[in-house]
Structures are given as structure tokens and as C-alpha cells.
Amino acid sequence: MDISVVGAGHVGLVTGACFADLGHQVVVVDNDAKRIANLQRGVMPYYEPGLEELVARGVRESRLSFTTSIREAVVKSTILFIAVGTPQKATGEADLTYVENVARSIAQHLPGYRLVVEKSTVPVQTGQWVHHTIKTYLKRKHPFDVASNPEFLREGTAIQDFMKPDRVVLGVETKRAADLLTKLYKPLGVPLVLTDIRSAELIKHASNSFLAMKISFINAVAQVCERSGADVQQVADGMGLDPRIGRSFLSAGVGWGGFCFPKDVEAFIKISEQLGYDFELLKAVRNINEQQKRGFAAKIQRALWVVKGKTIGVLGLAFKPNTDDMRYAPAIDIIEYLQGEGARIKAFDPQAMGEAKRLLPRVTLCQDPYEAARGADCLAVLTDWNEFKELDFRRLKKLLRQPLIVDGRNVYDPKRLEALGFRYIGVGRGRGETH
Ligand code: UGA
């Protein structure tokens with residue numbers, strides 16, 4: 001099939017590269033000329049495991065190409081995916097300017113029937129606006145359909161999530177659209193969920209908000225654990241074995257971040273409000289997350305007594321492992337809070353150092369975890385990268401000014417670190433708060 005993907009971001013580029021790998025003819029279009037020129041030279045705009053190889057294969061085998069011309073994409077392809085950004089406005093609602101612009105451009109160049117598929121995360125009822133916009137700006141009266149196909153991939157595991165999703169949601173309202181998308185996705189051999197467009201849009205907002213709610217819930221339970229002497233890991237393991245609950249997304253930590261959960265929870269609160277419903281539960285989910293970040297910084301402060309003039313070594317800056325993405329990363333809030341209190345921060349992240357240089361100019365960036373620990377009064381773990389799990393703790397202990405580890409992702413076994421002579425503080429591990 002001939003497919004175009006508009007927007008070469010985390011979702012668009014992976015979608016394009018994966019469809020090309022499945023044998024389709026794919027054009028990826030983006031109005032960022034530098035990004036497109038780089039992609040044509042094989043340079044990725046962000047780090048995602050396996051993506052570079054997948055893109056290279058698609059280009060080498062002439063199934064994948066990149067352009068800045070939306071006209072070219074519209075002319076060449078029957079199915080057009082809109083995967084542009086829907087950032088957060090100051091008011092919290094989703095900014096749909098890019099989606100609207102793409103819908104208008106598509107209308108202007110439509111040479112015959114096209115299926116326009118929303119892949120960006122959008123508020124419910126966006127589909128009807130996309131339809132209205134295309135109809136309004138259409139130059140010639142060609143037929144077209146609009147569909148919604150929300151994406152559930154996660155950064156860091158994007159390719160396997162795309163190729164082997166738990167389900168594919170297809171919001172379709174004509175037989176032609178249903179047939180085209182069913183044919184496209186059938187080879188994946190996973191459940192296809194056919195719904196109307198509004199329900200598909202809602203499935204995405206509701207899913208992300210539910211996952212954020214799970215994390216905020218366990219972070220709230222972690223607070224009770226700290227105050228009662230229980231261990232949140234054990235609580236989550238015990239709860240998670242109930243299949244109605246499930247263990248995933250029940251890991252307490254420094255709070256959720258990234259470009260999806262914070263903006264989608266906010267946008268879901270906002271669209272609900274516009275529709276006349278006060279989604280109080282989601283407001284609490286968001287507030288718990290804000291408290292979690294602040295509370296972690298305060299925990300370091302308590303452990304050090306006076307923060308001013310102290311050096312804090314930080315392991316992990318990205319909002320989660322296997323990505324260089326620092327958008328809405330809890331590390332930013334935590335570091336800025338500690339800097340505000342007069343701390344000096346040294347940090348290491350396996351992938352996010354480029355981003356960190358831009359976003360946190362006052363942080364001393366280090367070559368490895370040991371460098372970050374050298375001369376620090378405390379070592380704080382903010383991202384659960386695998387490579388932090390097994391470190392040379394004897395060496396770390398010698399490098400630190402005091403053997404204090406504040407583990408924001410519960411990566412380490414408290415007993416093991418205490419046996420090695422560390423003072424260990426985790427999240428929701430009541431016993432760890434003792435001095
Ligand atoms: C999330 C969803 O998981 C995807 O299904 C969705 O497609 C994507 O948003 C999107 O809308 O584009 P992602 O933002 O890549 O994916 O990251 P997650 O793996 O969901 O993690 C989000 C945050 O929650 C991270 O900061 C992570 O550290 C945190 N988290 C996750 C926890 O604190 N505890 C957990 O148990 C799980």
C-alpha cells in the first residue's frame with residue numbers, strides 16, 4: 001500500500017519506518033527541513049533502540065523516503081497518517097494548530113480518494129473537526145474518509161510496541177476506511193478493535209490517564225508505606241498478582257514524566273471540563289505526581305540536613321530509561337529545586353547528556369556514574385537505567401563524601417546496600433528513612 005506519515009516525531013517516524021519494514025511504500029513528511037535532510041543522510045532526530053537500522057533498511061530497499069513536501073505525500077499515498085505534535089497550551093488544553101494545518105494542506109492537494117487517519121493523540125471530537133476542515137478547504141470535490149488510529153507505543157520500546165501491540169484501535173465510520181485499515185493491520189496478527197471515531201479518540205486519552213492514575217496510586221501508597229514502615233515494592237508485588245490489578249505501572253518512584261502523560265492527563269481534564277464534567281479524580285492524579293517530585297527533593301534535603309553548599313551526584317536525567325527524552329522529566333523539577341536550595345549538581349545519563357546541556361546549563365555533566373559520585377555528599381538515582389543496577393559499590397563508597405544513596409526508582413536492595421555500609425533511602429520503603 002502507499003502510505004504517508006505527516007510528522008517525523010516519536011510516533012510518526014517509528015510508524016513510517018515500521019510500515020516500510022512490513023513492505024509498504026512509505027513517504028514521511030515533516031516541515032522541519034533540517035530534520036528531513038538529516039533523515040535523508042541516516043541521522044536520527046532522537047535516540048530510539050533499533051530505529052536507525054530500521055530506517056536505513058527502508059531507505060536502502062527504496063520503500064521509505066523523506067520529504068518536506070506535503071503535496072508529494074498527498075499525491076503519492078492513499079492512506080495519510082497525521083502524526084504531528086499536539087502540545088499543551090498554557091491553559092492545559094491540547095494545541096491542535098498543527099493538526100488543523102495538515103488537514104487544510106491535505107484538502108488543498110487532494111487528487112482523488114484519500115483516507116486521512118489521526119494518529120496524534122487528540123481530544124475526543126477532533127475527528128469531526130478534521131473532516132469539517134478538509135471538506136471546507138477541498139479544492140475539487142474528491143471523496144475522502146477520516147479515521148482515528150491512536151498509537152500506544154512507548155519510547156524506548158517503540159518498535160516492538162508497534163510491531164507487536166496488545167491491540168490496534170481503529171475508529172472508522174465507513175466501510176471503505178474499515179477495509180483499508182483492516183487490510184493494513186491484519187498482518188500484525190493482533191486483535192483489531194473497530195470502534196466509532198470518538199470512542200477511538202477517547203480510548204487513547206483514557207488509557208494514558210489510567211496508567212498515570214496507576215502510578216500516582218502506588219506513589220500515594222508509597223507515602224503511607226514510608227509513614228508506617230511497610231515496603232511499597234512488596235505491596236505492589238502482592239497487589240499485582242491479582243489479574244484484575246496487574247503489576248505493571250505499579251512501580252513507585254519520583255513521578256511520571258515525558259511528553260505524553262503530563263500533557264494527556266491535562267488535556268483530558270480540560271476536554272472533560274469543556275464537555276461539562278469535572279474530572280476530579282484526574283486532578284488528584286496530577287497533584288499527587290507534583291507532590292511526588294517535590295517530596296523526593298525534600299527527602300534529599302532532609303537526609304542532608306542542610307543542602308546549601310552540598311554536592312549531589314545524580315544518576316539518570318531522561319524521563320525513563322532507553323531514551324534521551326527529557327521533556328517533563330522529573331529530574332528537571334528535582335534538580336532545579338535542589339539548585340534553588342543552593343546545592344551543586346553533578347550528573348550522568350547514558351543518553352540524555354545533549355538534552356541536559358541545553359535544559360540544565362548549571363549542572364556539571366559527568367562521563368560516568370563514578371565521576372558523578374566523586375566528592376558528592378549524596379548520590380540520587382532519578383532514572384532506572386539498567387546500567388545503574390550493577391555498579392561497583394565499593395568504589396562508589398570511596399568516591400562519595402558520605403555513603404548516602406537516595407534511590408528515586410527503588411533500583412537497589414536496601415539490605416544489600418546497608419550491608420555494604422551505605423545509608424540507603426528509597427521511595428515507599430519505610431525502613432529506609434531511618435538515620
Ligand atoms: C506512554 C504510554 O505508556 C504509551 O502507551 C503511549 O503510547 C505513550 O505514552 C504516548 O501517548 O505516546 P511513554 O511516555 O513512552 O509511553 O512512557 P511510559 O513507559 O508509559 O512511562 C511514563 C512515565 O511513567 C515515565 O516517567 C516512567 O518512569 C513512569 N513510570 C512508569 C513509573 O513511574 N512507574 C511505573 O510503574 C511505570
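Quick check on my filter: what residues within segment 222-244 are among the aliphatic types (A, V, I, L, M), within 14 Å of the ligand (Cβ to nearest atom) and either more than 16 Å from Gly408 (Cβ to Cβ) or touching a strand residue (DSSP E or B) at 6+ places or on another chain (Cβ under 7 Å) (or both)? Working first, answer last.
Pass one, segment 222-244, residues among the aliphatic types (A, V, I, L, M): 222, 224, 230, 232, 235-236, 239, 241.
Applying the additional criterion that residues be within 14 Å of the ligand (Cβ to nearest atom) yields 222, 232, 235-236, 239.
Of everything in segment 222-244, those that are among the aliphatic types (A, V, I, L, M), within 14 Å of the ligand (Cβ to nearest atom) and either more than 16 Å from Gly408 (Cβ to Cβ) or touching a strand residue (DSSP E or B) at 6+ places or on another chain (Cβ under 7 Å) (or both) turn out to be Val232, Val235, Met239.
Since Phe259 meets every condition but one in (1) within 16 Å of the ligand (Cβ to nearest atom); (2) surrounded by fewer than 23 Cβ atoms within 10 Å (Cβ to Cβ); (3) modelled with pLDDT of 95 or more, which condition does it not meet? Condition (3) is where Phe259 drops out. If Glu273 passes every condition in (1) closer than 25 Å to Ala380 by Cβ; (2) away from the ligand (no atom under 15 Å from the Cβ); (3) free of Cβ contacts under 8 Å to residues at least 24 places away in the same chain but one, which one does it miss? Against the list (1) closer than 25 Å to Ala380 by Cβ; (2) away from the ligand (no atom under 15 Å from the Cβ); (3) free of Cβ contacts under 8 Å to residues at least 24 places away in the same chain, Glu273 comes up short only on (1).
Hey, does segment 186-195 have a residue that's crowded, with 23+ Cβ neighbours inside 10 Å and either under 19 Å from Asn287 (Cβ atoms) or hydrophobic (A, V, I, L, M, F, W, C) (or both)? Please lay out each step first, then the result.
At the first step, the residues of segment 186-195 found to be crowded, with 23+ Cβ neighbours inside 10 Å are none.
No, segment 186-195 has no match at all.
Is segment 286-293 home to any residue that is modelled with pLDDT of 95 or more and either within 20 Å of Pro165 (Cα to Cα) or away from the ligand (no atom under 15 Å from the Cβ) (or both)? Taking every residue of segment 286-293 in turn, at least one turns out to be modelled with pLDDT of 95 or more and either within 20 Å of Pro165 (Cα to Cα) or away from the ligand (no atom under 15 Å from the Cβ) (or both). In segment 144-197, how many residues are over 24 Å from Trp385 (Cα atoms), in contact with a Ser or Thr (Cβ under 9 Å, 6 or more places away or on another chain) and in contact (Cβ under 8 Å) with a residue 60 or more places away in the chain? Result for segment 144-197: 3.
Take segment 121-168 and flag every residue that is of a type in the set (A, V, I, L, M, F, W, C) and within 13 Å of the ligand (Cβ to nearest atom). Outline the logic, then answer.
Let us first name the residues in segment 121-168 that are of a type in the set (A, V, I, L, M, F, W, C), namely 122, 124, 129-130, 134, 138, 144, 146-147, 152-153, 158-159, 162-163, 168.
Listed by number, the residues that qualify are Val122, Phe152, Leu153, Ala158, Ile159, Phe162, Val168.
Selection over segment 112-152 of residues that are in contact with a Cys (Cβ under 9 Å, 6 or more places away or on another chain) and not hydroxyl-bearing (Ser, Thr, Tyr) gives a count of 0.
Of the numbered criteria (1) modelled with pLDDT of 95 or more; (2) over 25 Å from Gly354 (Cα atoms); (3) not charged (D, E, K, R), the one Ala90 fails is (1). On the given criteria, is Ala236 at pLDDT 95 or above, in a helix (DSSP H, G or I), over 23 Å from Phe162 (Cβ atoms) and small (Gly, Ala, Ser)? Yes; evaluated as a whole, the condition is true for this residue. One residue stands out in segment 277-303 among those that are of a type in the set (D, E, K, R) and surrounded by 17 or more Cβ atoms within 10 Å (Cβ to Cβ): the one that is nearest to Leu211 (Cα to Cα), namely Arg286.
Looking across segment 297-324, the residues that are assigned to a loop (DSSP other than H, G, I, E, B), modelled with pLDDT of 95 or more and within 26 Å of the chain's Cα centre (by Cα) come down to Gly316, Leu317, Ala318, Phe319, Lys320, Pro321. Taken residue by residue, segment 266-274 has at least one member that is out of contact with any helix residue (DSSP H, G or I) (no Cβ under 8 Å at 6 or more places or on another chain) and either among the small types (Gly, Ala, Ser) or surrounded by fewer than 17 Cβ atoms within 10 Å (Cβ to Cβ) (or both).
Take Gly112 and tell me if it is more than 15 Å from the ligand (Cβ to nearest atom), over 20 Å from Gly16 (Cβ atoms) and surrounded by 15 or more Cβ atoms within 10 Å (Cβ to Cβ). I'd like the intermediate steps shown before the answer.
Values: more than 15 Å from the ligand (Cβ to nearest atom): yes; over 20 Å from Gly16 (Cβ atoms): yes; surrounded by 15 or more Cβ atoms within 10 Å (Cβ to Cβ): no.
The answer is no for Gly112.
Out of all the residues in segment 75-85, which are closer than 27 Å to Leu275 by Cβ and buried (at least 22 other Cβ atoms within 10 Å of the Cβ)?
To start, the set of residues in segment 75-85 that are closer than 27 Å to Leu275 by Cβ comprises 81-85.
Within segment 75-85, Phe81, Ile82, Ala83, Val84 qualify.
Hey, could you check segment 359-395 for residues that are more than 31 Å from the chain's Cα centre (by Cα) and under 14 Å from Lys346 (Cβ atoms) and say which is surrounded by the fewest Cβ atoms within 10 Å (Cβ to Cβ)? Per the stated criteria, the residue is Gly375. Tallying residues that are more than 27 Å from the chain's Cα centre (by Cα) and either of a type in the set (Val, Ile, Thr) or under 26 Å from Phe19 (Cβ atoms) (or both) within segment 116-137 yields 4.
The values are calculated or read from the model by the stated rules, or taken from the named source; none is laboratory data. Predicted model only: the values in this text are computed from it and were never measured. Here Cβ is always computed from backbone atoms with ideal geometry, including for glycine, and neighbour counts include all displayed protein chains.
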